[in-house]
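Notes follow once the structure below has been shown.
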Amino acid sequence: MWSIHFEQQFVKSLEATDEQIANFLKTWNIKLSEQEIHEIKQRQVNPFPKSSPFYDQYKPLDPVSWHLPQGQFPDSYMDFLRYSNGGEFQNGERYFQFFNTKDLREMNLAYELPEYMPGAVSFAMDGCGNHYMFDMREEKRN
């Protein structure tokens, strides 16, 4: 049972079912599909105008070698998904926009985390573009 209570519940989603959680745990960190790789490559656009001296230095990211972490989520996060499969909550000044089991992988790829923060997994945002993340570079402790 999820033991943390939020001061504000803006969007409490239905609980994730055992089947949803099992599917999520089997698929969230599998190898990128050809379609995912293609979509990521299509989003790569040179940010510099042709008149910029940096234009010719731009190199698009290559997601072919990206890997999502293979670590385990904390038990408390799994309990949270059984409480609410995503949702929006607040405690004090902290605002949480939790990803659901279907969106977590997509959001981590959209924000290019395997490129910029290998071993990190974003599970929520704060409403201002900042991420809440799990560090999966090493086995979890405590």
Given the peptides 98-105, 26-33, arrange them by the average over their residues of other C-beta atoms within 10 Å, most packed first. 98-105, 26-33
The stretch 33-57 and the stretch 86-116 have their Cα centres apart by a whole-number Å value of 24 Å
Using amide H atoms built in the peptide plane, which far-off residues or other-chain residues are under 5 Å from LYS12 H to H? GLU88
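Of all the stretches in the chain, which is the longest one without any exposed loop site, taking GluC sites (Glu not before Pro) in a DSSP loop (any state but H, G, I, E, B) with at most 14 other Cβ atoms within 10 Å? It would help to have the intermediate numbers written out before the result.
Working: sites that count: GLU7, GLU93, GLU138, GLU139.
With GluC sites (Glu not before Pro) excluded where exposed in loops, the chain gives 8-92 as its longest stretch.
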Cross-link partners of LYS41 among lysines (Cα-Cα below 23 Å; sequence separation of 8 or more within a chain): LYS31, LYS50, LYS59, LYS102
Between helix 34-43 and the chain: long-axis angle, C-alpha atoms, 0 to 90°, nearest 10: 60 degrees
Relative contact order %, the stretch 1-72, counting alpha carbon pairs below 8 Å whose residues are six or more apart: 32 percent
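When the helix-only estimate is applied to the chain (DSSP H runs of n ≥ 4, each -39,500 (n - 2.57), divided by the residue count), what is the mean residue ellipticity at 222 nm, nearest 500 deg cm²/dmol? Working shown, then result.
On the way: 5 runs with 40 residues, N = 142.
After summing the helix terms and dividing by residue count, I get -7500 deg cm²/dmol.
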For the chain: span of alpha carbons on each principal axis (Å, largest first): 56, 33, 28
Just name one of SER76, SER65, PRO49: the one whose Cα is farthest towards the positive end of the charge dipole of the stretch 21-91 (beta-carbon charges, Lys/Arg +1, Asp/Glu -1). PRO49
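Normalised by the residues of the chain, what does the relative contact order come to in percent, with Cα pairs under 8 Å and at least six apart? Don't jump to the answer; show the numbers that get you there.
Numbers: 197 pairs, mean separation 41.9, N = 142.
After rounding, I find 30 percent.
Here, each number is a calculation from the coordinates, and none is a lab measurement. Bear in mind that the values here come from a model prediction, so they are computed numbers and not experimental data. Virtual Cβ from ideal backbone geometry, glycine too; neighbours counted across all protein chains shown.
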